[in-house]
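Here's the structure, in structure tokens; my notes come after.
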Amino acid sequence: MEPPELQLLTVSLAECKRYHPQTVRKALQQLLKPFNGIGAFVKQGQKVLLKPNLLAAAPPADAVTTHPLVIKVLTEMIQEAGGKVLIGDSPGVDEQEEAHRVGGLQQVIEETGAEMLLFKTTKIVEANGFKVRTIPLTAEIDQADLMINVAKLKTHALTGLTAAVKNTYGCVSGNYKRRFHLEHPLPLDFSRLLLDVCMAVKPAFSIVDAVIAMEGTGPRRGKPRQVGLLMGSPNAVALDSVAAEIADFLPEQVPTVAAARMLNLPGSDLADINITGMQLEDCRVSDFDKGPAGSGKVSRLIANFPLAWFRNMLYARRPYPCVDNHLCNSCGVCYENCPAQVIKILNGVPVIDLYNCIRCYCCQELCSRGAIKLDRP
Ligand code: SF4
Ligand code: SF4
């Protein structure tokens, strides 16, 4: 067994070609082996919060949310180790109970005896201070003795990829998520905030479900893509650095990884990470569709150029959202969730005030119809 400090910078990769109970269990056991199994994290009688990606009420086949079978097998393993399991996340859109039901987590709860943890109230915690000093988190997470962060690997318009670090943003309380978008509109600034959040949430272990990931125009309307992997680490930054490599992103195309590198955080440099279980080269998906945010030279320049004003100038080249009226069903979700309140519904159609749009892409993230496109220069 490796010494604890090396374990922290260890990322474990386990092949998992399909969502089948025995296959997922075998992969999770292999993934946890370098850390001495789930029992190294979970003690008898402890309450463990499993925090999936539950962006919206979406069925598992859409690859929008962490697959319920991964959550179910983890729940059983924790229960076998003597722990009690709580499952919860706050969706960006839709009620939490509905997201649990449609995403298959309600069934997991019924079959395993786990509890649903509703995210309702707020507590203010001290932050690391990369971007903010305090963070309003969901107070209910205190009901658990530890959290296991169970993310989904998906493309993301603002952060290139969403994996372990970004998944902890679901612990930010309710409408504060929108306020943070408004206050930190630039990808690198927002990513520093995400690092603050991740460090405040302090997951004991993070897992990324990349059995079926999402490529293209994620995180809601991209295409499911088989990657055939479960990945895990106690260090969410290291896990994201490896996940970015596997999805064939340059570190600077993923602002959470780029921000961690600028801050010199442990796990931000691939050379320091001990990758175990599988060879990185055998896992890389060289034709992964990185979507609108992951393509290009602009991102590379942004990360390498030290002057903030120049970075900001380059960020100004990010695309604006536009509405495809043929796909829009006038549900109003974009209007209700725009942090900058720059969307109006006129004659049943959303109209965006581009002058004041901060390009946070929340509208694109939450539109269930894929009616918000990011191709307007
Ligand atoms: S663009 Fe999407 S979220 Fe906005 S009203 Fe139309 S369907 Fe709803
Ligand atoms: S219109 Fe969309 S991208 Fe622009 S500020 Fe509103 S939610 Fe963000």
Which of 364, 146, 219 sits farthest toward the positive end of the charge dipole of the chain, with +1 on the Cβ of Lys and Arg and -1 on the Cβ of Asp and Glu? 364
So which chymotrypsin sites (Phe, Trp or Tyr not before Pro) in region 324-374 end up in coil per DSSP with only 10 or fewer other C-beta atoms within 10 Å? 355
In what sequence do 119, 41 fall when counting other Cβ within 10 Å, fewest first? 41, 119
Helix 21-32 versus the longest principal axis of the chain: what angle, 0 to 90°, nearest 10, using Cα atoms? 90 degrees
I need to check one value: relative contact order of the chain, counting alpha carbon pairs closer than 8 Å and at least 6 residues apart, in percent. 18 percent
For region 319-376, what's the relative contact order in percent, using C-alpha pairs closer than 8 Å and at least 6 residues apart? 51 percent
Lone cysteines in the chain, defined as no other cysteine's Cβ under 4.7 Å from theirs: which are they? 16, 171, 198, 283, 322, 328, 331, 338, 357, 360, 362, 367
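Over 20 Å between C-alpha atoms is what I'm after, so list which of 43/154; 47/72; 152/290; 17/152 land there.
43/154
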Pop out the ³J(HN,Hα) list for region 189-196 in order, Karplus 6.51 cos²θ - 1.76 cosθ + 1.60 with θ = phi - 60°, rounded to Hz; leave Gly and Pro as x. 5, 4, 5, 5, 4, 4, 5, 4
Antiparallel bridges, percent of DSSP beta bridges restricted to the chain (to nearest 5): 60 percent
Would you kindly derive the ³J(HN,Hα) couplings of region 119-130 from the backbone phi angles with the Karplus curve 6.51 cos²θ - 1.76 cosθ + 1.60 (θ = phi - 60°), listing them in order in whole Hz, with x for Gly and Pro? 8, 10, 10, 10, 10, 9, 10, 5, 10, 5, x, 5
The size of the Cβ-based charge dipole (Lys, Arg +1; Asp, Glu -1) of region 4-283 about the Cα centre, to the nearest 20 debye, is 300 debye
Residue-span extension gain [residue 183 to residue 358] - 0.36 nm each, minus C-alpha spacing: 62.0 nm
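For the chain, divide the Cα radius of gyration by the Kirkwood radius and give the resulting Rg/Rh value with two decimals.
0.94
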Along the dipole axis of region 4-283 (charges at Cβ: +1 for Lys and Arg, -1 for Asp and Glu; origin at the Cα centre), the most positive-end residue among 199, 10, 113 is 113
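Coordinate-derived values only; no laboratory data. Not measured: the values here are computed from a predicted model. Neighbour counts are summed over all protein chains in view; Cβ atoms, including those assigned to glycine, are modelled from backbone coordinates with ideal geometry.
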